[in-house]
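Report on one structure; see the data block that follows.
Every number here is computed from the coordinates shown, using simple stated rules; none is lab data. In this text the structure is predicted, and so the values were computed from the model without any measurement. Reconstructed Cβ throughout: ideal geometry from the backbone, glycine too, with neighbour counts over all protein chains shown.
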Amino acid sequence: MRKVSIITIIDNNNFGTFLQAFALCKKIEQLGAKPELVDYCRPHMSWKYSFKTIFKTIHNPLRILSRLLSLWQSNKIHKKDRRFIYQYLSSHSCNSIEDIKRTVSADVYMTGSDQVWNSIHNRGLDKAFYLDYAPQGAPRVAYAASIGMPQFQEHEKEETKTLLEKYNMITLREQSSIDLLSDLGLDKSKLHAVLDPTLLLDKEEWKRQITLPRLHTEKYLLVYSVETKEQNNVIESVAEKIAKERHLKIVGVYYGGSYSRMKCCDYNHHYATPDVFLSLMYYADYVAVSSFHGTAFAVNFNKEFITVMPDRFNSRVLNLLTTINATDRIIKNADCDLKSIKPLAYGQINEILSIEREESVGFLEQMIDVSDQ
């Protein structure tokens, strides 16, 4: 059985982080290969880095204590989140390329999805996500990698090109990412757009992963945001209008504590784990989000929804909604005319997703077999 080593972002508390990693591994497993996630933590996301930063930047004892408690809670939740992908994690945790070189060996080396090539998020060009640790001549591929940024940092362009030219095959999550790599000088004919890993599994496949029962007996609108207070204010205003019109309770789900709570909610789920998110999303009667993966799951579960477009790194949301002809679901301010939004034609949308899913799985199969080509 061919072993596929995957590196992606799994070091932060975010539902999409773990669900996209799980979905990619699950699909590779279904295709007859053995997936393994590199248990990689970016330097600035490590517990030690956060601990040192607190004492370096804060001098008020009470604030230090508050931040330490928050850090402890965050690490506690991270351990719970990781249970969703434990079956696919490598046996050794890695904090550097040198660690990965010592512990990871595979037939195919893969850069996974999420914003792995976003040097703003990663605080610089992180060569681990460019497979710089793979042995010389080893098959290198990328599935649904995302850049997120509107353009590469000027001083990183040449090195990025050099690293990516070593890849046998590159697929990306957005058309805009293909354009950016083409502008770097990579052969555009070898770059392909594919679905986010969470969309590789259909509604029924995700349903089998839901281990929790329905958490609210009343009908409800689910709100989920990973953006700023400004976007949250828009979601709150729009959610209240929709809930009142449809006689729904409002439920909030957060991977953080009470500081992230939205005022419009009747019920709140703080420090939620991916299984809680899946259950709440599956049983929701309407969804209001400012998150790509929130949008993706709303679409996959055939929910009526609205998406508040984030100020930056928004190409992935726009790309998905353009693909399924649902850009009218993008909300930019609280004064939008909700009555002008027509019900989603999920019969047509599911047909589009089915075609896109089949094509994306085809590319994934090619990647797994790349060493035979």
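General remarks:
- Residue among Pro61, Ala33, Ile7 farthest towards the positive dipole end of region 1-87, charges placed on Cβ: Pro61
- Lys, Arg +1 and Asp, Glu -1 on Cβ, resulting dipole of region 205-341 about Cα centre, debye, nearest 20: 180
- Helix-derived mean residue ellipticity, 222 nm - over the chain, DSSP H n ≥ 4, -39500 (n - 2.57), to 500: -12500 deg cm²/dmol
- Prolate is the label for region 22-131, because the ratio a/c of its alpha-carbon gyration tensor axes (a ≥ b ≥ c) is 1.5 or higher and a/b is greater than b/c.
- Within region 1-103: Cβ-based charge dipole about Cα centre, in debye rounded to nearest 20 (Lys, Arg +1; Asp, Glu -1): 180
- 14 Å Cα-Cα reach of Lys342 towards aspartates and glutamates, excluding residues that sit fewer than 8 places from it in its own chain: Glu304, Asp328
- Amide H contacts under 5 Å for Ile85, placed H, 5+ residues apart: none
- Database remark: amide H of Leu37 closer than 5 angstrom to the amide H of Ile6, Leu89, Ser90 (H placed geometrically; neighbours at sequence offset of 5 or more, or on other chains; Pro and chain starts carry no H).
- Across the cross-link table entries Lys26/Lys188; Lys79/Lys127; Lys27/Lys303; Lys76/Lys190; Lys26/Lys80; Lys3/Lys166, which are compared at the Cα atoms, the separations over 31 Å belong to Lys76/Lys190.
- Dipole axis of region 205-341 (+1 Lys, Arg; -1 Asp, Glu on Cβ), positive-most option in Ile341, Ser260, Ile210: Ile210
- The chain, dipole about Cα centre (Lys/Arg Cβ +1, Asp/Glu Cβ -1), debye to the nearest 20: 1420
- Cross-link partners of Lys56 among lysines (Cα-Cα below 21 Å; sequence separation of 8 or more within a chain): Lys48
- GNM result for the chain, Cα springs below 10 Å: residue of Pro61, Pro43, Pro343 fluctuating most strongly: Pro61
- Comparing mean-square fluctuations of Tyr88, Tyr282, Tyr346 from a GNM of the chain with C-alpha springs under 10 Å, the top value falls on Tyr346.
- HN-Hα J in Hz across region 193-208 - Karplus 6.51, -1.76, 1.60, θ = phi - 60°, x for Gly and Pro: 8, 9, 6, 4, x, 4, 8, 6, 9, 7, 4, 5, 5, 5, 4, 5
- Note on the chain: GNM, Cα springs under 10 Å; of Leu199, Leu344, Leu222, the largest mean-square fluctuation is that of Leu344.
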